[in-house]
Amino acid sequence: MSSENTINIKNKRASFEYAFIDKYIAGIQLTGTEIKSIREGKANINDAFCVFQKDELLIRNMHIAHYFNGTYNNVEEKRDRKLLLNRQELNKLQNKLKDQGLTIIPLRLFISDKGYAKLEIALAKGKKLFDKREDIKKRDTDREMKRKLA
């Protein structure tokens, strides 16, 4: 396994804040210095979200740090970046977003086997407070069970 494939940046709060409906793998349109920075692991998707603009899916608030050796080629750290999905998937997502309370959030940023940066996104619905409490309760009971077995 090469060092390129070890990049796996996750949005850990996503499963706590949202209930996932559908998941997709999307490519990202990046510049040269951005992919080098991602390969160094200097990216953050915790505050990011996806929006449609002119029938294109964009990711906003995804932070990719400046590449150290990038000179004038570096671009803005939190600029909008285009996500690459096929037209059928984009139409399906756009139709589902018309429902009340649905959003598209990034779950995981990784490097594919071919060396491309990929983003796992999910169509999600926000959880209510009592749903979060149930998740915490379930996680605590699972942890107790593992402790008793070990």
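Read-outs: derived from the displayed coordinates by stated rules, not from any lab. Everything quoted here is computed from the prediction, not taken from an experiment. Heads up, the Cβs are rebuilt from the backbone with ideal geometry, glycines too, and the neighbour counts pull from every protein chain shown.
Here the calculated FRET efficiency for Asp113 and Arg139, from their Cβ-Cβ distance with R0 = 25 Å, stands at 0.20, rounded to the nearest 0.05. Binning the alpha carbon pair distances of region 47-118 at 5 angstrom intervals from zero yields the distribution 3, 13, 20, 23, 20, 11, 6, 3, 1, expressed in whole percent. Here the contact order of the chain, divided by its residue count and restricted to Cα pairs under 8 Å and six or more residues apart, works out to 33 percent. Which of [x] 1.05; [y] 1.18; [z] 1.12 is the computed Cα Rg over 2.2 N^0.38 Å for the structure on display? Read-out taken from this structure: [y].
Roughly speaking, what is the stretch gain from Asn69 to Arg87, that is 0.36 nm per residue apart minus the C-alpha to C-alpha distance, in nm to one decimal? Each step should come with its number before you reach the end.
Values: separation 18, 0.36 × 18 = 6.48 nm, distance 3.62 nm.
Going from the current span to full extension adds 2.9 nm.
Taking one equal scatterer on every alpha-carbon of region 105-150, how large is log10 of I(q)/I(0) by Debye at q = 0.15, 0.16, 0.23 1/Å? With one equal scatterer per Cα and no solvent, log10 I(q)/I(0) is -0.69, -0.72, -0.81.
For Lys125, a cut-off of 24 angstrom between C-alpha atoms picks up these lysines, skipping any fewer than 8 places away in its own chain: Lys10, Lys12, Lys23, Lys54, Lys82, Lys92, Lys96, Lys98, Lys137, Lys138. Please compute the length gained on full extension between Lys98 and Asp131, using 0.36 nm multiplied by the number of residues separating them and subtracting their Cα-Cα distance. So the extension gain works out to 9.5 nm. The residue among Ile28, Asn11, Ser112 whose Cα reaches farthest toward the positive pole of the charge dipole of the chain, with charges on the beta-carbon of Lys, Arg, Asp and Glu, is Asn11.
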